[in-house]
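Peer 1: Attaching a single structure in structure tokens format; questions to follow.
The numbers here are math on the coordinates, done by the rules we state, and not lab data. This is a predicted model, so every value here is computed, not measured. All Cβ positions, even for glycine, are placed from backbone atoms using ideal geometry, and neighbour counts span all protein chains on display.
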Amino acid sequence: MDPEAELIERWRRERPMYEAWGQVVTDSLMRAIEAQIHPVSAKLFCRIPIKHRTKDEQSFLAKAFVRKKSYSDPYNDIEDKVGLRVVVLCTEDIVTVKHIIETHDIWDARVARDFEKEISAKPLVFDYQSLHYIVRGKTQITHDGITVEPNTSCEVQVRTLLQHAYAELTHDTIYKPSIKADPAVHRAAAKSMALIEATDDYFLQVRKQVAAMTAPARELERLLLDLYKEFTNSAASPTILDTLILDFYKQYAPADLTNVLRTFLAGKPFLGQEIASRAATSILFRQPSILLVYWAINVVPRAAASGGPLSLQELAPLYSDLGIKAPS
């Protein structure tokens with residue numbers, strides 16, 4: 001059997017195993033990211049959905065025998081038979097993903113390409129940037145009835161959204177031999193990458209300023225998340241509605257809100273049951289800020305219904321729970 005036919009025959013046998021391993025890596029990364037950045041959603045953190053993809057037969061053959069990679073054992077030397085990409089907003093977010101990949105307990109991770117080291121080595125060059133890992137399973141696992149052998153490889157690329165845009169623009173053009181030597185193309189690409197680096201710096205500055213400005217609100221949200229779970233025995237599901245509610249009702253929050261709220265809720269244990277029962281059918285009662293709304297109604301009943309993001313109709317059940325007449 002000729003080398004090409006032998007490679008494809010083996011790939012057809014083993015491709016389902018690589019598909020399964022790619023799915024395992026994808027699911028594991030999503031769970032780990034979710035745990036690391038909670039309560040932020042991993043689907044928001046990853047700006048493009050993570051999807052694994054296996055090599056098609058023709059690209060596998062091209063890489064193995066045509067692209068002058070000088071593989072001594074093409075099938076085993078090619079480590080990106082399955083791969084996936086994590087796309088985040090800023091380079092700061094790459095650090096989070098990097099830590100997760102390097103410390104995950106079901107695989108061993110090796111850096112295949114590190115753009116930060118490349119920048120340090122060539123500080124005057126502005127070129128393609130991406131962090132590449134090869135992760136290999138430590139033990140045999142089974143996924144959807146398919147056995148994945150130990151040491152099965154998967155490539156994981158980590159980029160920012162801007163780096164991804166550059167890669168999509170240049171991957172199939174600037175590195176083709178027909179235009180590789182064109183200095184005008186390389187100059188234009190280098191300028192765009194320089195702009196991307198500068199933009200990322202500005203993004204990080206804006207993020208730091210916004211973080212400093214919103215720090216009190218984030219601390220309040222963490223407090224309410226903990227109290228919600230404590231008093232309802234269930235986890236809250238904050239959305240943009242929670243942000244709107246907090247933005248209005250935080251003006252009524254005292255400095256010692258933790259003790260004040262805990263005392264208030266302890267005196268009205270039925271509220272936890274009411275919130276939990278309504279949470280199944282009402283998004284309002286799945287917001288941790290609902291606790292602050294109850295407290296505000298209790299202490300400033302008229303002001304709590306005026307000018308906020310919730311209508312009188314939405315607030316009426318809360319007034320009723322507290323035995324307070326809702327403002328007309």
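Peer 1: Spin-label point model (7 Å from Cα, Cβ direction): what's the R187 to M213 distance in nm?
Peer 2: 4.0
Peer 1: Turning to a different aspect of this structure: Using 0.36 nm times the number of residues separating N151 and E34, minus their current alpha carbon distance, what extension gain do you get?
Peer 2: Stretched out fully, the N151 to E34 stretch lengthens by 39.5 nm.
Peer 1: Another question, if that's okay. Can you compute the modelled spin-label distance between K268 and L161, with each label point 7 Å from Cα toward Cβ, in nm?
Peer 2: 4.0
Peer 1: Figure the gain on full extension for R222 and K43 (residue separation times 0.36 nm, minus the Cα-Cα span) and round it to one decimal in nm.
Peer 2: In short, 62.5 nm is gained.
Peer 1: Give the Cα extents of the chain along the principal axes, in whole Å, largest first.
Peer 2: Here the spans come out as 84, 50, 30 Å, largest first.
Peer 1: From the residues A296, F60, V156, which one has its Cα farthest along the dipole of the chain in the positive direction, the dipole being from +1 and -1 charges on Cβ of Lys/Arg and Asp/Glu about the Cα centre?
Peer 2: A296
Peer 1: Relative to a virtual label point 7 Å from the Cα of I283 in the Cα→beta-carbon direction, which members of region 212-229 show backbone nitrogen distances below 18 Å?
Peer 2: none
Peer 1: Compare the peptides 195-206, 283-294 by average per-residue count of other Cβ atoms within 10 angstrom and give them in order, highest first.
Peer 2: Output ranking for 195-206, 283-294: 283-294, 195-206.
Peer 1: Using 7 Å Cα-to-Cβ label points, what is the R136/D201 separation (nm, one decimal)?
Peer 2: 4.0
Peer 1: Okay, which of region 49-90 sit inside 13 Å, backbone N to the point 7 Å along the Cα-Cβ direction of R12?
Peer 2: Under cut-off, by backbone N: 57-58.
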